[in-house]
């Protein structure tokens, strides 16, 4: 069972865990990505996310389906990302996975967030305490040099 979305609404970890609920599943893993107050030595006040909603939903669905192929068709998977300006401490992304056993849910949950970072068309603009702002290079660009 797959749930993916893009939203401007506040993310709810309990909704993710509710989706990842099954009497057959003894494990549920939850990852919440939050806006932090510092990045690369600069004090951050907020982050703005821009993205392509339709393409993101499609890619999120592909990533979730791949996780199910690798760790089991009975997985429940959840991947939701925020859109818009978020303050420090707010959740920007939630991934969750439930499975019969913990190893599968741990691995699949990590797969969701890592693949989303590399493949999804999401742009992030950081806003700093000095009034400046900057568009941040994506995960794949930062790791390539």
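Please treat every number below as a calculation from the coordinates, not as lab data. Quick caveat: nothing in here was measured; it's all calculated off a predicted structure.
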For the range 1-46 versus the range 112-129, the gap between their alpha-carbon centres in whole angstrom:
14 Å
Nearest-ten-degree value, helix 53-71 long axis tilted from longest Cα axis of the chain:
40 degrees
Taking only DSSP H segments of four or more residues, each worth -39500 (n - 2.57), what value at 222 nm results for the chain once the sum is divided by all its residues, to the nearest 500 deg cm²/dmol?
-10500 deg cm²/dmol
If I fit a long axis through the Cα atoms of helix 102-119 and take the longest principal axis of the Cα atoms of the chain, what angle between them do I get, 0 to 90°, rounded to 10?
40 degrees
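Taking 20 °C and 1.002 mPa s as the conditions, I'd like the Stokes-Einstein D for the chain in µm²/s, using the Kirkwood hydrodynamic radius from alpha carbon pairs.
Details: Rh = 15.7 Å.
D = 137 µm²/s.
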